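Values quoted throughout were computed directly from the atomic coordinates according to the rules given, and no laboratory measurement underlies them. Predicted model only: the values in this text are computed from it and were never measured. Reconstructed Cβ throughout: ideal geometry from the backbone, glycine too, with neighbour counts over all protein chains shown.
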Amino acid sequence: MKVYLIALLACFSLHQASAQEASLSVTGEVTHPLQLTAAGLSKMKRTTVALKDRDGKEHKYTGVTIPEILDLAGVTTGKQLRGENLTKYMLVKCADGYEVLFSLAELDTSFTDRTAILADQLEGGPLPAGKGPFRLVVPGEKKPARSSFQVTEFIIRFAK
Amino acid sequence: MVLLLIACLAGTGSIWKQGPPRPYKVEYPSYFGNRINIPEDNPLTEEGVRLGRMLFYETALSSGNRISCASCHKQELAFTDGLQFSIGVDGTPTPRNSMSLANLLWVRNFFWDGRAEGLEKQAETPLTNPHEMGQALAISAQKLQQSPIYPALFRDAFGSNVITDNKIVKALSQFERTLISSNSTYDQYLRGEYQPTASELNGITLFFDPGGAGCGHCHGGPKTFSELFHNNGLDSIPEDAGRKAITGQEYDNGRFRVATLRNIALTAPYMHDGRFKTLEEVADHYSDHIQASATLSPFLENRQKLTMQEKKDLVAFLHLLTDSTFITDKRFSNPFK
């Protein structure tokens with residue numbers, strides 16, 4: 001398992017996205033800065049969740065859980081998420097300049113049962129133009145305002 | 001430590017004549033929020049801002065000594081020039097419409113496509129672009145060094161009378177950060193000092209309410225600015241790729257920065273290519289002429305048309321954003337006049 005993870009890590013960190021290929025970067029308070037592409041994401045453990053969109057209907061989104069991605073980048077999750085690490089947050093940046101923020105605890109499976117994912121599929125197909133290739137999907141919120149479109153960056157920081 | 005440093009400077013002779021520069025305090029309403037951008041290595045000072053104001057109006061920064069920043073950014077037009085495209089030193093029109101310079105303190109990525117991160121970086125473009133001011137920064141520095149007034153002003157602002165490109169862009173940026181417009185009729189309304197007409201009130205609701213014309217989704221908040229890039233449906237096949245040319249991403253095709261609407265009644269013509277001459281044309285666009293494309297903002301799809309009265313009300317609101325004190329403020333005017 002460990003070897004597999006390291007291999008995967010190496011593969012992700014070496015795979016520099018070409019200028020035209022869309023990707024998600026994970027930087028800041030991480031031990032392994034990541035540059036994830038659609039191909040990379042499709043090889044990770046897949047999860048499906050339901051989200052009520054602005055149309056008021058539930059839709060099925062598939063992708064990779066945020067903790068899974070944060071683990072890969074070496075962010076303090078699970079047992080490490082205590083003490084000063086509880087003052088860390090994740091800033092999500094999107095292609096259109098939109099930004100939203102989460103405290104790390106809000107996303108961590110040791111704190112919450114809800115599963116936020118970085119989705120690359122809607123009802124088994126690609127995301128609609130304007131929302132993909134990567135959309136953050138945060139189930140269980142009254143408004144979908146943090147389920148942001150065209151996510152390009154996760155930046156982990158300490159609140160100062 | 002700081003004292004020691006000053007003492008050292010005193011020893012070398014490159015001493016501030018009247019003591020170190022005094023901090024310049026920017027003032028703005030609390031509803032603008034404090035997410036402002038001032039680089040650590042370029043704090044605002046009285047002396048720096050004064051120098052920046054002179055440089056902003058200084059034609060010696062252009063080849064041929066005829067053009068200054070103010071040629072394309074005129075105070076009376078909220079620092080635009082009233083033209084569809086601006087004319088620089090070589091007579092060639094700029095590819096895009098000049099932008100208003102107001103509340104830049106809150107902007108992080110400058111130009112219609114957001115290609116310049118920070119004002120210091122932004123300033124290099126008009127100064128050196130052959131179609132704008134067309135002069136290398138090193139030559140500008142040389143010209144100013146030979147002037148009878150500038151070496152002393154640079155010394156007062158930066159502690160040494162040696163003029164460099166870096167100090168020129170820093171001083172310009174300091175001045176630009178002080179261009180704050182927060183006394184429009186709309187601000188007076190927010191402060192409880194102005195009672196809008198029924199039409200203006202309806203315009204405010206239409207603009208900001210998600211159920212209304214939905215403008216606030218992009219131009220939201222009292223600053224009427226948020227740093228977003230969108231395709232607002234001007235063309236189905238954009239002639240100018242906008243943000244895509246910077247990021248290389250297909251999804252950025254035809255995306256431009258959401259511009260501030262402060263003083264919008266003074267800054268015609270509108271959009272990155274100055275295609276609309278009036279605010280009425282802009283209202284018509286958002287109501288009736290949104291062009292579909294792969295990158296059209298989802299927030300502009302399937303829109304309800306506005307009635308004639310609603311268009312009038314929206315335009316009435318946009319007129320409330322005019323700040324007559326901003327365009328007459330002596331602190332921002334031509335110091336050579």
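Express in nm, to one decimal, how much length is gained between B:Glu250 and B:Thr92 on full extension, taking 0.36 nm for each residue of separation and deducting their alpha carbon distance. Please list the in-between numbers first.
On the way: separation 158, 0.36 × 158 = 56.88 nm, distance 2.96 nm.
Here the answer is 53.9 nm.
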Amide N proximity, segment B:286-327 versus B:Thr278 label position 7 Å along Cα-to-Cβ, cut-off under 17 Å
B:286-289, B:307-320
Only Lys, Arg, Asp and Glu count, each charged at its Cβ (+1, +1, -1, -1), so figure out the dipole size of segment B:170-241 about its Cα centre, rounded to 20 debye.
340
Would you please give the FRET efficiency between B:Gln142 and B:Lys330, computed as 1/(1 + (r/R0)^6) with r the Cβ-Cβ distance and R0 = 35 Å, to the nearest 0.05?
0.70
A:Gln121: net charge of surrounding residues, Cβ under 11 Å, Lys/Arg +1, Asp/Glu -1, itself excluded?
+1
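Using the Cα centre as the reference, give the magnitude of the dipole from point charges on the C-beta atoms of chain B (Lys, Arg: +1; Asp, Glu: -1; all else neutral), rounded to the nearest 20 debye. Let's see the in-between values first.
On the way: 33 positive and 37 negative charges, 190 e Å.
Dipole about the Cα centre, nearest 20: 920 debye.
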When the Cα centres of segment B:110-141 and segment B:204-264 are compared, how far apart do they sit, in Å?
24
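If R₀ is 35 angstrom, what is the calculated FRET efficiency for the pair B:Ser30 and A:Thr27, using the beta carbon separation as r and rounding to 0.05? Provide the component values of the computation, followed by the final result.
Values: r = 32 Å, r/R0 = 0.92.
Computed FRET efficiency for B:Ser30 and A:Thr27: 0.65.
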Could you name the aspartates and glutamates whose alpha carbon sits less than 15 Å from that of A:Lys160, not counting residues in the same chain fewer than 8 places away?
A:Glu29, A:Glu84
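Rounded, prolate or oblate: which one fits the protein assembly as shown, using the alpha carbon gyration tensor with axes a ≥ b ≥ c (rounded when a/c is under 1.5, else prolate when a/b beats b/c, else oblate)?
Details: a/c = 1.90, a/b = 1.32, b/c = 1.44.
In terms of gyration-tensor shape, oblate.
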Amide H of B:Ser62: which non-local residues (sequence gap of 5 or more, or other chain) have their own amide H closer than 5 Å, using H built in the peptide plane?
B:Ile67
For residues of A:127-139, the mean tally of beta carbons on other chains within 10 Å
2
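Assign unit charges at the C-beta atoms only (+1 for Lys and Arg, -1 for Asp and Glu), then state the dipole size of the protein assembly as shown relative to its Cα centre in Debye, rounded to the nearest 20.
Details: 53 positive and 54 negative charges, 189 e Å.
It comes to approximately 900 debye.
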Check the straight Cα-Cα distances from A:Lys43 and name the lysines below 17 Å, setting aside those fewer than 8 residues away within the same chain.
A:Lys2
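How high is the FRET efficiency between A:Glu141 and B:Arg66 when r is their beta carbon distance and R₀ equals 60 Å, given to the nearest 0.05?
Working: r = 57 Å, r/R0 = 0.95.
The calculated FRET efficiency here is 0.55.
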